[in-house]
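Heads up: the structure comes next, in structure tokens.
The values are calculated or read from the model by the stated rules, or taken from the named source; none is laboratory data. Here the structure is a predicted model, which means the values were calculated and not measured. Quick reminder, even Gly has a Cβ in these numbers, built from the backbone with ideal geometry, and neighbours come from all protein chains shown. With ligands, DNA and RNA removed, areas are computed over all heavy atoms of the protein, side chains included. Shrake-Rupley method; radii C 1.70, N 1.55, O 1.52, S 1.80 Å.
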Amino acid sequence: MTFDQISLFALFIGVFAMLLWGRFRYDVIAFSALLIGVVLGVVPADDAFSGFGHPATLVVALVLIVSAGLVRSGAVYLITRTLVDSSRSLGAHIALMGGIGGVLSAFMNNVAALALLMPVDIQTAQKAGRAPGLSLMPLSFATILGGMATLIGTPPNIIIATFRADALGEPYRMFDFAPVGAVAAIAGLAFVATVGWRLIPQRADATGLGSEFQKYVAELTLPEGNDQIGKRVGELWETAEKADIAIIGLIREDRRLYGNARNNVLQAGDALVLEGSPEALDEFRTALSLAFSDERREELLTATGEGLDILEVVVPAESRLVGRSAQGVGLSWRQRALLMGISRKGTRIRSQVRRTSIEAGDILLLLVPKDTGPDVAEWIGGLTLADRGLTVTENSKTWLAIGLFGAAVLIASLGLLYLPVALGIVVVGYVLFKILPLQELYDHVEWPVVVLLGSMIPLGAALETSGGTLLISDGLVWLTDGWPAWAILTALMVVTMTLSDVLNNTATAIVAAPIGVQMARSLEVSPDPFLMAVAVAASAAFLTPIGHKNNTLVLGPGGYRFGDYWRMGLPLEILVIAVSIPAILIFWPL
């Protein structure tokens, strides 16, 4: 072996040892390894930061921004209220989400499928009061598995099809991968939904969101032409329950009706009195197309057209609001701020929210024009709670957001536009149509994940250019000399999976495809079984967060550590090999 090969193998071993140790954060370790590689001369200085402009890195960053836009537009709420029920058991939820993700990723890029479903899964976890990390990794694995079934589901399949056209004169067609890929996907999904999720580490600090936050008494109004007009209040209870909202009353013509008004018929201008978290209130408002307040106050609030912020403010004893109501102090016309709700621990508010006398210790839920929150809080004399990412859903733009995303995925799937470019256009569209505020654009990127990918990609490329991967292939050919066909296919899949867990799956397919064809020719058998083995194995990267972009995407939101993936990933990779080898020998005989 050359000095470069020895150095790179040692560097990779050191990186993975440090990552598994978990003492230091993964982005610091990866970036340090990249710098060491440059100092040693095994990574060319000119290419040291090429990974930060690599398509894989850009796709991860863009997908996170697109996901935020889908949440802001209400697309996520649309899926959750039609398909997902937070009362389901965790296993049933993973089976449903995994099935949806697997089917979607067979017909669209699996990164895009995860981008659509990841915020749905997080929202469901919040409503169920459990850690998102318990279901995000299974969802990532499910979308990876589903992509194995078709030509367009995952980049390795496209590469293998192209390589077959060059080597044998005819490419694979759309569903040629299905007999083997679908078998592996179905078996893998069954494992993930029944056994796999139980292997994910559960930490005391990885608690679910939503249950620990304040609940507010708030009011939402039925505007003219709303579909709920003419219904009884009781007919809205099912929707309210799904959103984790309690309907506690009705206000008509500035008068609170008796009780919870279950049998009252709704009229335009009625205000529902509700109790719930800010996220739940926003979901309920989006589901029923309710308004924040009467038309005059909403026009005053949105006069600038720059968007809205949600602000949580604690009222101290010295605040100008103590002993006065929001209406009495003129909060809406003085500060263009709307009081959405009040949280008064242990007490349910009986009067209209904006006419309720504020007490010291109350927490106010305010709707304010974009970037005016600090000024409003200072005028009130209140203390703002820590920002926890509360946003106002732009439910009037739901189908626009879905349409832009769907068009980009379709165009990219048909090969008419490069996926990073298509996603970039979606991001620009979200900003231009004010689905996602420009000020928040970069807040949704998991920068440690970007640094991890940007650092590891040049190291993987250096391993390939130094001849390290060729060294592995030569050793594999020598090792399998004289073995039976099934054992050779197994060895090829094991090595390909190992490479895919270290390199990205696209690079692995490029390296492993010629190895498979060479092995088939030496055995004087059909190359198809070997190419299929490479296709499945290159996508089956479940041991690390860097082997597949989907695993990288859930690393931050799921609160995972580098060493968490192998616990479910290792038995899953063994299962994929166990079911794929017989399927390959049946559907693609030697």
Worksheet item: Can you name the residue in segment 401-438 that is open to solvent by less than 30 Å² (accessible area, probe 1.4 Å) and assigned to a loop (DSSP other than H, G, I, E, B) and, of all such residues, is farthest from GLY153 (Cα to Cα)?
Response: PRO437
Worksheet entry | Complete set of residues in segment 183-209 that are among the aromatic types (Phe, Trp, Tyr) and either at pLDDT below 95 or open to solvent by 40 Å² or more (accessible area, probe 1.4 Å) (or both) | TRP197
Discussion item. Residue under question is GLY547, and the condition is that it be more than 32 Å from the chain's Cα centre (by Cα), crowded, with 23+ Cβ neighbours inside 10 Å and within 15 Å of PRO156 (Cα to Cα); does it hold?
Written reply: no
Fill in: Verdict on PHE163 being open to solvent by 40 Å² or more (accessible area, probe 1.4 Å) and outside any helix (DSSP H, G or I)
no
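Looking only at residues that are without any contact (Cβ under 8 Å) to a residue 60 or more places away in the chain and within 15 Å of ARG354 (Cβ to Cβ) in segment 253-268, which one is least open to solvent (accessible area, probe 1.4 Å)? Don't jump to the end; show me each part of the working.
Of the residues in segment 253-268, the ones without any contact (Cβ under 8 Å) to a residue 60 or more places away in the chain are 253, 255, 257-268.
Now narrow it down to the ones that are within 15 Å of ARG354 (Cβ to Cβ): 253, 255.
Details: GLU253: 171, ARG255: 148 Å².
Taking the candidates together, the pick is ARG255.
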Practice prompt. Exactly one condition in (1) in a helix (DSSP H, G or I); (2) in contact (Cβ under 8 Å) with a residue 60 or more places away in the chain is not met by TRP566; state its number.
Written response: (2)
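Kindly evaluate GLY169 against the criterion of being modelled with pLDDT under 80, of a type outside the set (Ser, Thr, Tyr) and over 30 Å from ALA243 (Cα atoms).
Working: modelled with pLDDT under 80: no; of a type outside the set (Ser, Thr, Tyr): yes; over 30 Å from ALA243 (Cα atoms): yes.
No: the conditions fail for GLY169.
Given the structure, is LEU590 open to solvent by less than 10 Å² (accessible area, probe 1.4 Å), touching a Pro at 6+ places or on another chain (Cβ under 9 Å), part of a loop (DSSP other than H, G, I, E, B) and not charged (D, E, K, R)?
In short, no.
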Discussion item. Need the failing condition index for GLU275 against (1) modelled with pLDDT of 85 or more; (2) part of a helix (DSSP H, G or I); (3) among the charged types (D, E, K, R), just the number.
Written reply: (2)
Fill in: Residue count, segment 479-522 (criterion: assigned to a helix (DSSP H, G or I), open to solvent by 70 Å² or more (accessible area, probe 1.4 Å), more than 17 Å from ASP166 (Cβ to Cβ) and free of Cβ contacts under 8 Å to residues at least 60 places away in the same chain)
3
Worksheet item: What single numbered condition from (1) over 24 Å from ILE586 (Cβ atoms); (2) part of a helix (DSSP H, G or I); (3) among the polar types (S, T, N, Q) fails to hold for THR544?
Response: (2)
Item to complete: Sort out for me the helices (runs of 4 or more DSSP H) sitting completely within segment 37-150 that have 3 or more residues that are open to solvent by less than 20 Å² (accessible area, probe 1.4 Å) and in contact with an Asp or Glu (Cβ under 8 Å, 6 or more places away or on another chain).
Response: 55-73, 133-146
Practice prompt. Would you point out the residue of segment 53-77, among those that are modelled with pLDDT of 75 or more and more than 14 Å from the chain's Cα centre (by Cα), that is nearest to VAL451 (Cα to Cα)?
Written response: THR57
Worksheet item: What's the number of the condition ILE158 fails, among (1) in contact with a helix residue (DSSP H, G or I) (Cβ under 8 Å, 6 or more places away or on another chain); (2) within 19 Å of LYS549 (Cβ to Cβ)?
Response: (1)
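Listed here are the residues, each with its yes/no results for (1) in contact with a helix residue (DSSP H, G or I) (Cβ under 9 Å, 6 or more places away or on another chain); (2) over 21 Å from ILE159 (Cβ atoms).
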| residue | (1), (2) |
| --- | --- |
| GLY482 | no, yes |
| ALA520 | yes, no |
| SER526 | yes, no |
| LEU531 | yes, no |
| MET568 | yes, yes |
| ILE574 | no, yes |
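For segment 149-201, which positions are among the basic types (Lys, Arg) and over 22 Å from the mean Cα position of the chain (by Cα)? Step through it out loud before you land on a result.
Taking segment 149-201 and keeping what is among the basic types (Lys, Arg), we get 164, 173, 198.
Answer for segment 149-201, where residues must be among the basic types (Lys, Arg) and over 22 Å from the mean Cα position of the chain (by Cα): ARG164, ARG173.
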Fill in: Test for PRO448: is it surrounded by fewer than 20 Cβ atoms within 10 Å (Cβ to Cβ), closer than 20 Å to PHE31 by Cα and in contact with a helix residue (DSSP H, G or I) (Cβ under 7 Å, 6 or more places away or on another chain)
yes
